[in-house]
C-alpha cells in the first residue's frame, strides 16, 4: 500500500482537488503546509494573494507551475489587517492596468476592468493574471515578483494575547 500523499510528495496541478491523492493546487499545498484542513482557501493566507495564486496556478503551464512550490510556503501567514488587503488589491489592479495599457499598444484587445465585478474577492488577482496575456519566461518572472511584493506588504495578523499583571490588584 502506497503511503498517503504529503506536502513533500504531491505534484501541483490545475484546478481544485477533493484530496491530495488527486493532486493539489498551490493554495491546497499552502493549506497542507499550514496544517489546516485541505482547501484551496486556507485561512492562513490573505484572500487577495489566494485569488491571484488560484488564477495563476490554473493559467500557467505545468513546468512553470512547479515553481509555485516555494510560493506556497511563502504565503503561509500572510493574512493581514483590512487596510493591507486593500493595498494588495490596489497593487494587483495597478499591475493589471499597466499591462492592459501595454497590451493595447500592441493592438491586443482587453476587457475593461469594470467587467470583472462578477469575480468577487478574487477579482484583483484574476485581473492581474489575465492582464499578463501569454505566459512566457518574462511574464512568469513578473508574476513571481508581484507575489513577492504582495507578501512583503505585511501580514501575520496578530492573535490577541491575554496580558497578565504581576502586580497585586
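Computed from the coordinates by the stated procedures, all read-outs in this text should not be read as laboratory data. Being a predicted model, the structure only gives us computed values, none of them experimental. A quick note on method: Cβ atoms are made from the backbone with ideal geometry, for glycine too, and the neighbour counts reach across all protein chains shown.
Points worth noting:
- Net length available on complete extension from residue 97 to residue 70 is 7.0 nm, with 0.36 nm assigned per residue and the Cα-Cα distance removed.
- Burial ordering of 45, 79, fewest other beta-carbon atoms within 10 Å first: 79, 45
- Taking the number of Cβ atoms within 10 Å of each Cβ as an exposure proxy, the fewest-first ranking of 27, 153, 32 is 153, 32, 27.
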